[in-house]
Amino acid sequence: MTGNHILWICFFATLLSSELGCSRHQEALKGRVTAGTPIPEEALRIELEQHKVPGVSIAVVHNGQVDWAKGYGVCEHGKSDPVDTMTLFQAASISKPVSAVAALSLVERGLLTLDEDVNHKLQSWKIPENTFTRKRSITLRHLLSHSAGFTMHGVPECSVDDTIPTLVQILDDTVHGPREPVRVVCEPGTSFRYSGGGYIVLQLLLTDVTQRPFEQLAREFVLQPAGMASSTFEQPLPPRLHDRAAAGHLEDGTLMKGSWHTLPEQAAGGLWTTPRDLASFMIALWRSYHGISDALLPKQLAREMLTRQVDDFGLGFSLPSAGVPRFQHGGSNGGYRCFMVLSIDQPDGVVIMTNGDSGEPLLWEIFEAIAHAYGWIV
């Protein structure tokens, strides 16, 4: 690695086909982006129209600082309220690494350990015993690294007309008939199996141990120390914040019924936030990892978090083995698509959030244009 050149290889392989990288739109956008300055609004207006995404918000990190942040487009199709840097988006599964830091904060305080049987601390629900759990108990490390062997990849989202179920009802499938209950289907610790259900168990564990609502403990242990003043795990989104929220949109660009879904599974997908706040979160974690500041986590735990546990996954973050070390996560809730990434060695990266189901190609086009401008090799 020389100078500011960073090697990012295939980090979006799980989201997009390689054909997108050669699109004419992407090449045109590259020519409009300059390092150190926001992308021109006209350049992204064309991309938003092309992809039928009403709005996008971006924060670029360079040398450990937010180099620039800006919103584009509108919060709701057909209306004029613009997306700005204070506009809230659903972070979807980007919620998971933020929740993982909350869990590690309890490890720091001695309330949890990474390798104890979580059933010893769970009170409101217990992981049902079966052949797999009798071989090996499920630990916090397993929950955070998606190696507990749980079912339920994604979690249920509640529309405006739905009755919001409890976490226990979701885990035992007493509400959503077509789904299966969250159960262990392979030996814990032996393989990577992405599971939103595992993060529901994590949420119960944290609230049982602290006897506090998840949004309160997350605010104290993560959001405030990381400087995420615009973020909240409150679900449903409280009315006082409705005017700041970007509404979710379907693939054809039309408004979702009710504007957005409610997710009682806060730890798995319930964070409302901004790219600038997520950039601050990644910078704070990077500083902890390098021992510069322990405001978020002590160095030892930050390094544990960003160490591969199973396959290319750490404790809450994806840690791809291709290219230079980096930590990243994507998110996909109904009406929203988002992504964040930061290099571990040199703190350069980006956060991009959209309010449309068709936002994935747009995420890639924007990332590649920014990477080209800053000299990151893709």
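The values are calculated or read from the model by the stated rules, or taken from the named source; none is laboratory data. Worth saying up front: this structure is predicted, and the values here are computed from it rather than measured. Glycine gets a Cβ as well: all are built from the backbone with ideal geometry, and neighbour counts include every protein chain shown.
Overview of results
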item	result
Single condition LEU301 does not satisfy, out of (1) of a type in the set (A, V, I, L, M); (2) in a loop (DSSP other than H, G, I, E, B); (3) touching an Asp or Glu at 6+ places or on another chain (Cβ under 7 Å); (4) at pLDDT 95 or above	(2)
Exclusive hit being surrounded by fewer than 24 Cβ atoms within 10 Å (Cβ to Cβ) and either within 13 Å of ILE58 (Cβ to Cβ) or over 17 Å from the mean Cα position of the chain (by Cα) (or both), set ASP357, ASP312, ASP345	ASP345
Among residues of region 304-313, those that are in contact with a Phe, Trp or Tyr (Cβ under 7 Å, 6 or more places away or on another chain) and assigned to a loop (DSSP other than H, G, I, E, B), counted	2
Selected residue [exposed (fewer than 14 other Cβ atoms within 10 Å of the Cβ), at pLDDT 95 or above and among the small types (Gly, Ala, Ser)] from GLY78, GLY64, GLY55, GLY31	GLY78
Residue among GLY197, GLY189 that alone is under 19 Å from THR307 (Cα atoms), of a type in the set (Gly, Ala, Ser) and surrounded by 18 or more Cβ atoms within 10 Å (Cβ to Cβ)	GLY189
Test set (1) under 17 Å from SER93 (Cα atoms); (2) surrounded by 19 or more Cβ atoms within 10 Å (Cβ to Cβ) - PRO225 fails condition number	(1)
Helices (runs of 4 or more DSSP H) contained in region 88-169 and holding at least 1 residues of a type in the set (Gly, Ala, Ser), surrounded by 17 or more Cβ atoms within 10 Å (Cβ to Cβ) and in contact with a helix residue (DSSP H, G or I) (Cβ under 6 Å, 6 or more places away or on another chain)	95-108
Extreme residue, farthest from THR85 (Cα to Cα), among residues of region 234-269 that are in a helix (DSSP H, G or I) and among the charged types (D, E, K, R)	ARG240
Region 296-340, residues that are of a type in the set (Val, Ile, Thr) and either touching a residue at least 40 places away in the same chain (Cβ under 8 Å) or in contact with a strand residue (DSSP E or B) (Cβ under 7 Å, 6 or more places away or on another chain) (or both)	VAL310, VAL324
Of the criteria (1) in contact (Cβ under 8 Å) with a residue 12 or more places away in the chain; (2) crowded, with 17+ Cβ neighbours inside 10 Å, which one ASP208 fails	(2)
Test: residue in region 260-280 that is over 19 Å from the mean Cα position of the chain (by Cα) and surrounded by fewer than 20 Cβ atoms within 10 Å (Cβ to Cβ)	no
Given (1) under 26 Å from SER191 (Cα atoms); (2) in a loop (DSSP other than H, G, I, E, B); (3) in contact with a Phe, Trp or Tyr (Cβ under 8 Å, 6 or more places away or on another chain), index of the condition GLY330 fails	(2)
Boolean, ALA69 is buried (at least 16 other Cβ atoms within 10 Å of the Cβ) and over 30 Å from LYS257 (Cα atoms)	no
Checklist (1) in contact with an Asp or Glu (Cβ under 8 Å, 6 or more places away or on another chain); (2) hydrophobic (A, V, I, L, M, F, W, C); (3) under 18 Å from SER195 (Cα atoms) applied to LEU144, failing item	(1)
The lone exception for GLU220 - which of (1) assigned to a loop (DSSP other than H, G, I, E, B); (2) at pLDDT 95 or above it fails	(1)
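The rows are residues; the columns are (1) free of Cβ contacts under 8 Å to residues at least 60 places away in the same chain; (2) among the charged types (D, E, K, R); (3) in contact with a strand residue (DSSP E or B) (Cβ under 9 Å, 6 or more places away or on another chain).
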site	(1), (2), (3)
GLU215	yes, yes, yes
PRO225	no, no, no
ALA229	yes, no, no
PHE233	no, no, yes
PRO236	no, no, yes
ALA246	no, no, yes
